[in-house]
Amino acid sequence: MCAVAAPVLDAGGSPLAAVAASMPESRFDPTGTAELGRMVVDTASEITARYLG
């Protein structure tokens, strides 16, 4: 199993939840790790921003 994750933060900067993407190792492509990581971080940041409203 391979996965990347990023935290969703509360107003104090403490982790509240997480966004993760996972896949079987057989489907993992190391050349796409940076892009997948950016998408996960961007999504977690968007959720944080909406939560803080």
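What to note about this one:
- Close pairs from segment 35-53: first over 9 Å from Val8 (Cα atoms), partner in a helix (DSSP H, G or I), Cβ under 9 Å, at least 6 apart: none
- Condition met for Ser45 (at pLDDT below 95, open to solvent by 60 Å² or more (accessible area, probe 1.4 Å) and polar (S, T, N, Q)): no
- Considering Ser45, Ser26, Ser22, the condition of being in a helix (DSSP H, G or I) and within 11 Å of the chain's Cα centre (by Cα) is satisfied by Ser45 alone.
- Considering segment 22-42, the residues that are of a type outside the set (A, V, I, L, M) and surrounded by 13 or more Cβ atoms within 10 Å (Cβ to Cβ) include one that is modelled with the lowest pLDDT, namely Phe28.
- For segment 7-21, the set of residues classified as in contact with a Leu (Cβ under 8 Å, 6 or more places away or on another chain), surrounded by 12 or more Cβ atoms within 10 Å (Cβ to Cβ) and in contact (Cβ under 8 Å) with a residue 24 or more places away in the chain consists of Pro7, Val8, Leu9, Asp10, Leu16, listed by residue number.
The values are calculated or read from the model by the stated rules, or taken from the named source; none is laboratory data. Since we're looking at a predicted model, the values are computed, not measured. Every residue, glycine among them, receives a Cβ derived from its backbone with ideal geometry; neighbour counts consider all protein chains shown. Keep in mind that these areas ignore ligands, DNA and RNA; they rest on the heavy atoms of the full protein, side chains included. Shrake-Rupley method; radii C 1.70, N 1.55, O 1.52, S 1.80 Å.
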